[in-house]
Amino acid sequence: MKGRVFSGARPTGKQHIGNYLGAIQNYVKLQDEYECIYCIVDIHALTTLEDLDQLQPNIREMMLDWLAAGLDPEKSILFVQSHVPEVTELHTLLSMITPLGWLLRVPTFKEKARQQPENVNYGLVGYPVLQTADIILYKANMVPVGEDQLPHLELAREIVRRFNNLIAPVFPEPQAKLTTAPMIRGLDGQNKMSKSLDNHIELAATPKETEKRIKTAFTDPQRKFRTDPGRPEVCNVYDLHGFYDSEKLEEISQQCRAATIGCVDCKKMLSKEINNAMEPFRERRAEIAMRSGYLEEVMADGAERAGVIAKETIREVKEKMCLL
Ligand code: TRP
Ligand code: SF4
């Protein structure tokens, strides 16, 4: 084993192909080389207080998608953040050595404060401290994240260095491992695929739903008529073809430019490719969902194994901070 990987993701419910291509696929691969810990960060989700009623269903749907996609509780620790409450203790202890100025400068904090001026809560400021606690509670060496998380990772490293200098050398400095997948654009053809923009395709969607959503996708805006030549390089449907059937790309590109294929047919082909690729996933998901009590078992087992590591780290931290 090369070391320990930790990653967290907010409970956004059913995952979409952007989540899969951008993150989950990579999580699955890392399982064979590293000791991996993957966490659904439900406490972090509370900083925005959206749809509290959806929190539990969202956690379950997400865990189901993770399992169906190949995250394996035999290989990795899969758990829900609040089930290992030691993280909140470490968060409080880390907050004592984290200068407020560092936190007020974090770009995601400034953005959130702009987005929800009526709810600039204390938890929002501490968000990256809690994220640091997530990672270092397990003394993780590597954190697979998207580019948007780099400032948080840099801050985590600064907090670690400060703790190690001021208190005692307890924690390894976690390295960010950038996921190499390019940005997956949503069906609007412009923004990153995301549930909140409703421009996504769910992994667990039925073949019909998938086809229906892809029909609505924006393509080359300059291609108004079937006889107009298209520009695959600006087309989001074309990009998606690349992820599912890269061998056909050249042909599609030529046919699009020569206007020998229409967007309707091109989208039909894409729906077929995605539905074919997703079929085994969808079967596994349905099968796992049928096993009563299985999700609870996976989450309880994950929390228990994570808890063993967490308790050990907390004991060490409290000892070094003279609390014992
Ligand atoms: N902030 C991350 C996000 O919004 C989620 C997260 C919480 C996380 N704790 C983490 C990511 C620890 C990596 C490691 O996506
Ligand atoms: Fe995009 Fe395909 Fe239409 Fe070309 S034919 S613009 S690649 S959807």
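Without any contact (Cβ under 8 Å) to a residue 24 or more places away in the chain, more than 16 Å from ligand 2 (Cβ to nearest atom) and not hydrophobic (A, V, I, L, M, F, W, C): which single residue out of G70, G101, G8 fits that description? On inspection, the qualifying residue turns out to be G101.
Among residues of the stretch 142-170 being crowded, with 16+ Cβ neighbours inside 10 Å and over 24 Å from the mean Cα position of the chain (by Cα), the one that is farthest from N26 (Cα to Cα) is I167.
Of the residues in the stretch 237-248, not one is free of Cβ contacts under 8 Å to residues at least 60 places away in the same chain, in the same structural domain as Q54 (by TED's automatic domain parsing) and over 21 Å from the mean Cα position of the chain (by Cα).
Put simply, of E233, E154, E202, E211 the only residue that is touching a His at 6+ places or on another chain (Cβ under 7 Å) and charged (D, E, K, R) is E202. Between E211, E147, E173, the distinction of being more than 26 Å from F243 (Cα to Cα), touching a residue at least 12 places away in the same chain (Cβ under 8 Å) and of a type in the set (D, E) belongs to E173 only. For the stretch 19-39, the candidate set comprises residues that are touching a Gly at 6+ places or on another chain (Cβ under 8 Å) and modelled with pLDDT under 95; within that set, the residue that is farthest from ligand 2 (Cβ to nearest atom) is A23. Entry remark, the stretch 240-258: residues being more than 9 Å from ligand 2 (Cβ to nearest atom) and either small (G, A, S) or assigned to a helix (DSSP H, G or I) (or both) number 12 in total. Taking first residues from the stretch 79-97 that are under 19 Å from R10 (Cβ atoms) and partners that are among the charged types (D, E, K, R) and not in a loop (DSSP other than H, G, I, E, B), the Cβ contacts under 8 Å between residues at least 6 apart in sequence or on separate chains come to F79/R305; V80/D42; Q81/D42; Q81/D134; S82/D42; V87/D134.
For A277, the stated conditions hold: it is within 21 Å of the chain's Cα centre (by Cα) and in contact (Cβ under 8 Å) with a residue 24 or more places away in the chain.
If the condition is being free of Cβ contacts under 8 Å to residues at least 24 places away in the same chain and closer than 22 Å to K272 by Cβ, then the stretch 186-204 contributes only N199. Does the stretch 125-148 contain at least one residue that is among the polar types (S, T, N, Q), away from ligand 2 (no atom under 16 Å from the Cβ) and not in a helix (DSSP H, G or I)? Yes, the stretch 125-148 contains a residue that is among the polar types (S, T, N, Q), away from ligand 2 (no atom under 16 Å from the Cβ) and not in a helix (DSSP H, G or I).
Of the listed requirements (1) touching a Lys or Arg at 6+ places or on another chain (Cβ under 8 Å); (2) assigned to a loop (DSSP other than H, G, I, E, B); (3) surrounded by 17 or more Cβ atoms within 10 Å (Cβ to Cβ), I261 misses just one: (1).
Taken over the stretch 302-324, residues that are assigned to a helix (DSSP H, G or I), of a type outside the set (K, R) and surrounded by 15 or more Cβ atoms within 10 Å (Cβ to Cβ) amount to 10. Any residue at all in the stretch 175-189 that is assigned by TED's automatic domain parsing to the domain that holds A23, outside any loop (DSSP other than H, G, I, E, B), more than 16 Å from ligand 2 (Cβ to nearest atom) and surrounded by 18 or more Cβ atoms within 10 Å (Cβ to Cβ)? Yes: one or more hits.
Being in a loop (DSSP other than H, G, I, E, B), in contact (Cβ under 8 Å) with a residue 24 or more places away in the chain, in the same structural domain as Y27 (by TED's automatic domain parsing) and within 29 Å of L323 (Cα to Cα) is a property that does not hold for V160. Suppose we keep only residues that are assigned to a helix (DSSP H, G or I) and surrounded by fewer than 15 Cβ atoms within 10 Å (Cβ to Cβ) within the stretch 205-233. Which one would you say is nearest to the chain's Cα centre (by Cα)? Only one residue tops the list, namely E209.
Taken as a whole, the stretch 270-290 holds at least one residue that is under 22 Å from D228 (Cβ atoms), crowded, with 17+ Cβ neighbours inside 10 Å and within 16 Å of ligand 2 (Cβ to nearest atom).
None of E74, E111 is within 12 Å of ligand 1 (Cβ to nearest atom), among the charged types (D, E, K, R) and assigned by TED's automatic domain parsing to the domain that holds F171 except E111.
The values are calculated or read from the model by the stated rules, or taken from the named source; none is laboratory data. Not measured: the values here are computed from a predicted model. Using ideal geometry, Cβ is built from the backbone for each residue, glycine included, and neighbour counts are taken over all protein chains shown.
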